[in-house]
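Structure first, then comments.
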Amino acid sequence: QVQLVESGGGLVQAGGSLRLSCAASGRTFSTRAMGWFRQTPGKEREFVAAIILNTGTTYYAESVNGRFTISGDTAKNTVYLQMSSLKPEDTALYYCAAGAITRSPLGYDYWGQGTQVTVSS
């Protein structure tokens, strides 16, 4: 079992930056990949970014490519999502997840509680 806790969300103006953190605990040795997803009311959970922990290889949704950066700190059991050039359409509840190497939410077994990101115009 893996426990995930997100932090770093908040209110920011368009064009600004924000850094999300996801602290992992529990049986993290079994985790192959970590991902960030986001969700707004009435919509399905959307893939944002993922990282393969063994290699550091990263993947991004086209909508955030070039603006967001996912990274991991093994020593701290923490993954990050650095968000820059934020747009109002980035507003969502952001979740981190642990699981398989996939862009689908179905491939992740563990989820954090989410942290709200609101971008004002």
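The values are calculated or read from the model by the stated rules, or taken from the named source; none is laboratory data. Note that this is a predicted model, so its numbers are computed, not measured. Reconstructed Cβ throughout: ideal geometry from the backbone, glycine too, with neighbour counts over all protein chains shown. Quick note on the areas: whole protein, heavy atoms, side chains included, nothing else; ligands and nucleic acids left out. Shrake-Rupley method; radii C 1.70, N 1.55, O 1.52, S 1.80 Å.
Contact map, the stretch 46-59: residues that are modelled with pLDDT of 90 or more paired with residues that are of a type in the set (S, T, N, Q) and assigned to a loop (DSSP other than H, G, I, E, B), Cβ distance under 8 Å, separation 6+ or inter-chain. Pairs shown: PHE47/SER104; ALA50/THR102; ILE51/THR57. Of all residues in the stretch 81-118, those being surrounded by fewer than 20 Cβ atoms within 10 Å (Cβ to Cβ) and not polar (S, T, N, Q) number 14.
If you scan the stretch 43-81, which residues turn out to be among the acidic types (Asp, Glu) and within 16 Å of SER7 (Cβ to Cβ)?
Correct list: ASP73 only.
Taking the stretch 1-33 only, how many residues are open to solvent by 60 Å² or more (accessible area, probe 1.4 Å) and β-branched (Val, Ile, Thr)? So the answer is 1. Can you tell me which residue is most open to solvent (accessible area, probe 1.4 Å) among those in the stretch 34-63 that are farther than 13 Å from TYR94 by Cα and β-branched (Val, Ile, Thr)? The residue in question is THR55. Would you check if ALA75 is closer than 22 Å to SER121 by Cα and either open to solvent by less than 30 Å² (accessible area, probe 1.4 Å) or out of contact with any Ser or Thr (no Cβ under 9 Å at 6 or more places or on another chain) (or both)? Here the answer is no, as ALA75 does not meet what is asked.
Listed by first and then second residue, the pairs linking a residue in the stretch 15-33 that is under 11 Å from GLN3 (Cβ atoms) to a residue that is loosely packed, with under 13 Cβ neighbours inside 10 Å, with Cβ atoms under 9 Å apart and 6 or more places separating them unless they lie on different chains, are ALA23/LYS76; GLY26/GLN1; ARG27/GLN1.
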